[in-house]
Amino acid sequence: MINRKKNIILLSFLFIGSVINACKQNQSNTQQDSLMTQSWEEIEQKAKGTTVVFMKYLGDKKANKHIDEYVVPTVLKRYGITLKIIPGQGNEIVNSIMTEQEAGLAEGQTDMVWINGETFYQLQQIKGLYGPFTDKLPNSKYINYEDPIIKYDFQQAINGYEAPWGKASFIGITDSARVKNIPQSMQDFEAYWKAHPGKFTIPLDFSGYTLLKSWLVEIAGGIKELDGDFNQEKYDKYAPQLWDFINRNKKYFWKSGSTFPASNVTVSQMFGSGELDFAFSFGITAIDKGIKEGLFPATSKAFVFKAGSIHNTSYLGIPYNAPNKEGALVVINFLLSPEAQIEKSDINNSGGMPVFDYQKLEKQWQDQYQALPKIKYGMSEEAIQEKAIKETHSQYMINVAADFRTQVIEKP
Amino acid sequence: MFKPFNKTFNFSILLLFTLLPLLAGLGYAIAYSFGLVGVLNKGFTLENWKILFSTSEVYISVLYTSWLAFASLSICIFISLAVVLAFPTKFKSGIFSYLVYMPLAFPSIVAAFFFFQFLSNAGILARLCYQLGIISQISDFPNLVNDSYHIGIISTQTFLSLPFFILLYASLYQAEKLEDYQKLAYALGASKKQTIFKISIPILLKRSLPSIIIYFIFKLGSYEVPLLLGKSSPETISVLAVRKLQKFNLLDIPQGYAVAVIYAFLVLILLFIAFKKSKHQYEV
């Protein structure tokens, strides 16, 4: 009995101890400015023979192949850097850096991360990124940092805390054999849903929320109305109209709108199998890739929603506690080079649009870029660029995601 | 002479590898939910708990999770009891003793994907029914995944749990010498029905109660199956916690930890009951 009491007391102390210990964690954010005073040659020299850990999304086979077969061997051969890829995206990256920060780790596990919009916003909230560093990169000369699609990541100025790696544009995908007149406006969609019930749904992920934002922009009468910082008044004015639009039509959605798939991957699979008539993507080469892989029917077609194609850029960042910042800078600089960007833009690789300013390229790179195979099935880069609109502030995404649950999913 | 040393050693091992990480984790989750730790937290607050309980989300989630675990386990226990009582010696050796292990080789996520492909509206079963002329259009196939009756989740959970219970009951059948009891009952004039319902099933259920409770706890924590095969609402407690912990709003993270704390206490209560039950059993 006494032993039992002793054990309970001991366990209680341990429990309290763990809480106190957790409270004492060092939350400081150390920035190593001395790194920026070095010359580029010194940085390259220091990076030689080191390992760089790159946390990125690994869900795209072709993008993985591009990294494994081109980027990894090239940086090893040219800069003597061993590039180690570890999986992680969005919230996983934030959680990983946040956990290290909460544990007070001066040196984290990751040297560079592939991020955009939401993740950048979250990492900035917790001061999780190192920077500014883009001015230090020699290949920054090919980038137009004044281009609003690069300068602002979800309406937040990047201020040198992340370097652009790829441009993406939100498109809808449909099958022209099944859908003769492709709907674009919300009104068109309403008519289509009524005529073809059960053939449409919204994934509960980044793609789905971007679709909701496209409609919010359409309701607001254009992106100008939602440009800039988050505006609660405007959100409160337009969002109820969006929820009303969805609630009055959700009975025509897949499974009568009683549930929504967790991700766009499921939506793409259901589009491929014919269960749905629409899917979504951020890559202009998604259709070519889908058809080649046998996932999409050969009659698949891309289209842009009435509000325009929400454009965003994905970026490369360096965590504040990256142990090998020099190595990360060298790899990021290589990934920004015209050579790596052209290789990446090839539809046989990652696809997508490069981040360089074509006019800033030397002739040899311009020719090489022009020689790339063109998109066969999707929309051309130029056609999408014409309809490109800026992303709204991150807070719109946060609100739309939360309210979609309370205003639509949880409403009978 | 070495007994006291052994006891301390055993307790230290238990403390180091089981209780300590568990308590540290629980302590951290509690501290996070009350705003004591965490990059974005600003000190002690009850706000996260207040927000969490301001809607019925968390209550519904606990009830829904418990219902799913209860439904799949009930079906599973029913089938496995029937199988073991009908073929008590089949699982000792031969092909059945191997086949029964098969679902154990499926990780939850693989089973979830398999059932999704098999039962979805354009899935294998729907196509088969269409080819056989049972339905005139593939879209006529009933909703068996992401459905209101949770058929997809319950089927998958049952499939995953069935081997465990068949093996458990098959071994209990031998260990408890049920065959001898049955023979005795017959000799005393009991009918087959009486033998099954008054002797075999009560003994098997009583002996397996701690395992049932522990398996129930295990099912409460399942994540992949309800995520892929469930509806967007209600969510199971693990899906709710992960959504709060990992989605876009970092300010929801403390609420995610609060959900985890609720789950942990629920599990601790059930464990306490399970140990009480198992202690009583062996005291008999």
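Laboratory data are not the source of any read-out in this text; all were calculated from the coordinates shown. Small disclaimer: the values here were computed from a predicted structure and weren't measured. Here the Cβ positions follow ideal geometry from the backbone for every residue, glycine too, while neighbour counts run over all protein chains shown.
For chain A, which DSSP H helices look membrane-span-like by this rule: Cα extent along the axis of 15 Å or more and mean Kyte-Doolittle of at least -0.5?
Working: long enough: A:2-23 (32 Å, 1.05); A:90-102 (18 Å, -0.60); A:206-220 (21 Å, 0.83); A:232-249 (25 Å, -1.61); A:325-336 (16 Å, 1.47).
Sorted by number, the helices that extend far enough and score high enough are A:2-23, A:206-220, A:325-336.
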(Q) Once you order the gyration tensor axes a ≥ b ≥ c over the Cα atoms, which shape class does chain A get: rounded for a/c under 1.5, otherwise prolate or oblate by comparing a/b with b/c? (A) oblate
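Using +1 on the beta carbon of Lys and Arg, -1 on that of Asp and Glu, and nothing else charged, what's the dipole of the protein assembly as shown about the Cα centre, debye to 20? Could the numbers behind the result be given before it?
Values: 66 positive and 57 negative charges, 654 e Å.
In debye, rounded to 20, the protein assembly as shown gives about 3140.
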**Q.** Unit charges on C-beta of K, R, D, E only; dipole of the stretch A:190-233, Debye
**A.** 340 debye
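Which net charge results when you count Lys and Arg as +1 and Asp and Glu as -1 among the other residues whose beta-carbon is under 15 Å from that of B:Thr195? Let's see the in-between values first.
Details: positive: B:Lys177, B:Lys183, B:Lys192, B:Lys193, B:Lys198; negative: B:Glu176, B:Glu179, B:Asp180.
Neighbourhood net charge equals +2.
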Q: Using a Gaussian network model of chain B whose springs link C-alpha atoms within less than 10 Å, name the residue from B:Val261, B:Val39, B:Val242 with the highest mean-square fluctuation.
A: B:Val39
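Rounded to the nearest 500, what is the 222 nm mean residue ellipticity of chain A from helices alone, with -39500 (n - 2.57) per DSSP H run of 4+ residues and division by all residues? The partial results should precede the final answer.
Values: 18 runs with 177 residues, N = 412.
The helix-only estimate for chain A comes to -12500 deg cm²/dmol at 222 nm.
Within chain B, what's the longest run with no trypsin sites (Lys or Arg not before Pro) in a DSSP loop and at most 15 other beta-carbon atoms within 10 Å? Give the range, please.
B:178-284
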Q | Tensor-based shape of the stretch B:1-131 (alpha-carbon gyration tensor, a/c under 1.5 rounded, otherwise prolate or oblate) | A | oblate
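Quick check: net charge around B:Gly230, other residues with Cβ under 11 Å of its Cβ, Lys/Arg +1 and Asp/Glu -1?
Details: positive: B:Lys231; negative: B:Asp147, B:Glu224, B:Glu235.
Taking every Cβ under 11 Å from that of B:Gly230, the sum is -2.
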Q.
Just want the answer: with Cβ charges of +1 for Lys and Arg and -1 for Asp and Glu, which residue in B:Ile253, A:Phe271, B:Thr89 is farthest toward the dipole's positive end in the protein assembly as shown?
A. B:Thr89
(Q) Placing unit charges on C-beta atoms (Lys and Arg positive, Asp and Glu negative, everything else neutral), compute the dipole magnitude of the stretch A:59-216 about its Cα centre in debye, rounded to 20. (A) 600 debye
Q. Can you give the calculated 222 nm mean residue ellipticity of chain B, where each DSSP H run of n ≥ 4 adds -39,500 (n - 2.57) and the sum is split over every residue, rounded to the nearest 500 deg cm²/dmol?
A. -22000 deg cm²/dmol
Q.
Pairs of alpha-carbon atoms within less than 8 angstrom and 6+ residues apart define the contacts here; what relative contact order does chain A have, in percent?
A. 27 percent
